[in-house]
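Encoded as structure tokens, the structure appears first; notes follow it.
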Amino acid sequence: MSVYLDNAATKVPAPEVVKAVEECFKEFNANPLRGMYETSLRATAAVAEARETVAKFIGAQPDEIVFTRGATEGLNMAAMMLARLFGADATVCVGEAEHHSNILPWVKNFKKVDFGLGQAAEHKIVALSTMSNVTGAICEAPKVNGIVVVDAAQYVAHRIIDVKKLGADMLAFSGHKIGAPMGVGVLYIKRDLMNKLAPVYYGGEMVNGVEMMGGEIAMNLAAGPQKFEAGTLNLPGIVGLAAAIKLIEARGGIEKLNQRVVELTEFAKNKMAKLDCQIYAAENGIITFNMNGVHAHDTAEICARNDVCVRAGYHCAEPYLKSLGWGACVRVSLSADNTESDIEKLVEVLGAVPEAIKQEMLERGNYPECKGELSECDLSRNLVNESCGDEITVQVKLADDVIVDAKWSGHGCAISQASADYMCERLVGLSLEQAKEVRKKFEQLVVSGKEDDVLLKLNRLAEVSRMPARVNCAKLAWKILD
Ligand code: PMP
């Protein structure tokens, strides 16, 4: 059984949710809102009941709940509808810690978007995430006169939502972050705003009537949330969402579950503090870190090989991560279903990461993938490291100034061979100019340990920065680019 520590990405549905969805498929998988027969009536009732369950869960009225595919769709709908209502010149500001899903829809639909909430009161629209998927930090919505749009994708799994207390005019979340199926979510729209908005999707189920009048189509839009729900709804998803919410309530509510998550976060933080790693953030179940000298993707891959599921990269919040200066990092995200023993397993695997990386590097030197000779080549050099006797020949084939193949042969220490091998793999597809840029970054890596995403697997040689005598071994093959 693998240890699942990626709950901020998706929470695995509980058996109760799976059972509710299965029942829906087996017993009332009919088109809701239209049919007059038994199964369709049950489907219609299930949608209405789920709307009430969701409304109660977030302190709203049922007719303020629009079902969507998820937070991303909800935020896109919000941006498109508000752009139509206020025009693309309306001023928008978004928070600093935003997921791409709460940046890109605004940037695409409005002419100018400001980052940061400092001047929020001066903007017509304020869009912010109330919990960061990178740090776990909570950010309450500012009290302003403009329209407040809340991305509650993470918040929904850790705090009770009361749309009125939050001051939200619109609020989006995805069901799968609270153990519902993927592909279903909610966009809350405050009733008086809802009446002013035109939908972005048109089609069946969202009109009361469509008539041809004087050669033109006239439509009478449905009132309330149905106006925004064109097409057949995701009934199994909606049923699963209601079941997931009921399960949270049966387990004592979000606040109680989050208390356990906070306890586990502290436990993990204390255990991880003994590792050779840098912890950037640890709050509300989210622990963001890097093992020293190891690229985040390598750490995550080694965890995966040992049946521990964590996430690595920019977590769809690249501007924020870059502004923090962290770059790609590993994220562990806990739910109340995790246990102390899950964390102990994580810490055990993480403790073995530096050695695993070293082994990987040595192995790549001993079992290379790009060793050999090219039948034809455009660049070829025999390279020697006088101090230790490494002797490597690198051959490169070019087509229109782009490296289309590269191989190396000869002998040397594991580091010079691993470097030559990873280099040959990395350079294919690059122009000579780009190859030189990669070389510059690689040389920084082996001297200072500064990783860079552009280096891909070459980041595994970051360890060399702790062994100054081996830097020349690592740099040897790259002299082909002199
Ligand atoms: N916002 C935040 C803060 C998130 O964490 C996520 C999911 N990672 C999203 C938006 C987007 O959610 P979804 O992919 O379910 O639409």
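Quick check on the stretch 254-362: take the gyration tensor over C-alpha atoms, sort the square-rooted eigenvalues as a ≥ b ≥ c, and tell me if it's rounded (a/c under 1.5), prolate or oblate. Mind dumping the intermediate values first?
Working: a/c = 1.98, a/b = 1.27, b/c = 1.56.
Because a/c hits 1.5 or more and a/b fails to exceed b/c, the stretch 254-362 counts as oblate.
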Listed by chain and number, the residues whose amide H is under 5 Å from that of E96, excluding neighbours fewer than 5 places away on the same chain and using placed H, are G116, L117
If amide hydrogens are placed 1.01 Å from N in the peptide plane, which non-local residues have theirs closer than 5 Å to the one on D390? N385
In degrees from 0 to 90, rounded to the nearest 10, what is the angle of the helix 414-427 Cα long axis to the longest principal axis of the chain? 50 degrees
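What does the charge count around A14 come to, taking other residues whose C-beta lies under 14 Å from its C-beta (Lys +1, Arg +1, Asp -1, Glu -1)? Mind showing how you got there, number by number?
Working: positive: K11, K19, K177, K246, R251; negative: E16, E22, E249, D337.
So the environment of A14 carries a net charge of +1.
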Round to the nearest 0.05 the FRET efficiency obtained for E386 and E348 when R0 = 60 Å and r is the Cβ-Cβ distance. 0.90
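Which ordering of Y4, Y155, Y202 is given by a fewest-first count of other beta-carbon atoms within 10 Å?
On the way: Y4 20, Y155 24, Y202 14.
With the sparsest Cβ surroundings first, the list reads Y202, Y4, Y155.
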Relative contact order, percent, of the stretch 368-481 when contacts are C-alpha pairs under 8 Å separated by at least 6 residues? 26 percent
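Pairs K112/K441; K371/K440; K345/K457; K322/K436; K246/K274: which exceed 29 Å Cα-Cα?
On the way: K112/K441 34 Å; K371/K440 23 Å; K345/K457 25 Å; K322/K436 24 Å; K246/K274 39 Å.
With Cα atoms farther than 29 Å apart: K112/K441; K246/K274.
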Take the alpha carbon gyration tensor of the stretch 1-93, find the square roots of its eigenvalues, order them as a ≥ b ≥ c, and report rounded if a/c is under 1.5; if not, report prolate when a/b exceeds b/c, else oblate. oblate
Please report, in Å, the Rg and the Dmax of the stretch 368-481, where both are computed over Cα atoms only. 13.0, 39
Per DSSP H run of at least 4 residues, take -39500 (n - 2.57); add these up for the chain, divide by its residues and hand me the 222 nm value, nearest 500 deg cm²/dmol. -11500 deg cm²/dmol
Summed side-chain charge close to M182 - residues other than M182 whose Cβ falls under 11 Å, Lys, Arg +1, Asp, Glu -1: +3
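Working out 0.36 nm times the residue gap between K112 and A304, then minus their Cα-Cα distance, what length gain in nm do you get to one decimal?
Details: separation 192, 0.36 × 192 = 69.12 nm, distance 4.14 nm.
Extra length available between K112 and A304 comes to 65.0 nm.
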With a 10 Å Cβ neighbour count serving as the proxy for reagent exposure, in which order, fewest first, do I58, I238 appear? I58, I238
Can you tell me the FRET efficiency between E340 and K143 if r is taken as the Cβ-Cβ distance and R0 is 60 Å, rounded to the nearest 0.05? 0.90
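Here, each number is a calculation from the coordinates, and none is a lab measurement. Bear in mind that the values here come from a model prediction, so they are computed numbers and not experimental data. Note that each Cβ is placed from the backbone with ideal geometry, even for glycine, and that neighbours are counted across all protein chains shown.
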